[in-house]
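The values are calculated or read from the model by the stated rules, or taken from the named source; none is laboratory data. Because the structure is a prediction, the values reported are computed rather than measured. Cβ: placed from backbone, ideal geometry, glycine included. Neighbour counts: every protein chain shown.
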Amino acid sequence: MRKLTVYNPAAGKGLNPENRECYFTTAPGDGRRFVREACLKDPNTHFTVCGGDGTLSEAVCGIMDAGAGRTASFTAFPCGSGNDTVKSFPTDRSGQTDLLDVIRVGERYGINMINIGFDCNVVTSAGRFKKLFRMSAGKLTYVLGVLTEFFKPFGENFKIDAILEDGTPFSYHGFTMFCAVCNGQWCGGSFHSSPYSDMSDGVLELIIVKKINRFQFLRLVGKYQNGTLIGENGRINPEKMSSIVSCHRIKSVRVSGMKQVCTDGEVEKMNEVEISVLPRAIQYTYA
């Protein structure tokens, strides 16, 4: 099996991976292109991905673009700011390979989480702080992004149509604080937002938070961060919050009415998106 390293110097914090065949990405999308072309030449390639969640997501896109999900494989060497994806991986399976679910997001793929609404807007604001003050991406920029969005008007008018795990249709239409579609458990560097998500169970978790006021937000955000808001089987803690928060296990969902969508930390402008799960579609080797 051919072994390659994909390294994002913008996220890599000065690391210098030791690998004779190491490709340094040069711009957003370059990692996806390189991985796709490498898989088309040799579909049995293994990629060590050095970077953050965005670099990892690009590698997943490249493998899936080439139709090599069951032949190629990848391993994450997390050296970004958030490194959310790897937090969902077990720590006792070093060297073993598993098939993981992949999220289909319009014309691209994701591996960890899709955020729409407040969470996505925070990522955009955090990026502005990073560029404006030449800050490194990290928890501080995310906190500044949260503070910025906290003082803006809350809520967007979303239309959400999903197919639940058992095939039943589900719909919600109304002003929404945010929604998240989760394969992994973590986002934003420190938010354990979907603690019961399993990256190989063939379903996604859809979390919907209706439009709330700032007092309700302050009550909710701590639980959303520490992983106590969503319980087993989508139970909301405390139960009285179930009037504003819901969690559903889904196979697919269409969301419209937003301005942008964040896939594994990467933001794209769009007002409608179709999201679905591709069960056990890609090979991952644990570090």
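Of the candidates 82, 69, 110, the single residue that is touching a strand residue (DSSP E or B) at 6+ places or on another chain (Cβ under 7 Å) and either hydroxyl-bearing (Ser, Thr, Tyr) or crowded, with 24+ Cβ neighbours inside 10 Å (or both) is 110.
When segment 272-287 is filtered for residues that are part of a strand (DSSP E or B) and under 27 Å from residue 90 (Cβ atoms), the ones remaining, listed by number, are 275, 276, 277, 278, 279, 280, 281, 282, 283, 284, 285. Does segment 140-149 contain at least one residue that is modelled with pLDDT of 90 or more and on the phi < 0 side of the Ramachandran plot? Within segment 140-149 (the criterion being modelled with pLDDT of 90 or more and on the phi < 0 side of the Ramachandran plot), the answer is yes, since at least one residue qualifies.
Scanning segment 103-137 for residues that are on the phi > 0 side of the Ramachandran plot and either part of a helix (DSSP H, G or I) or at pLDDT below 90 (or both) gives a single hit, 134.
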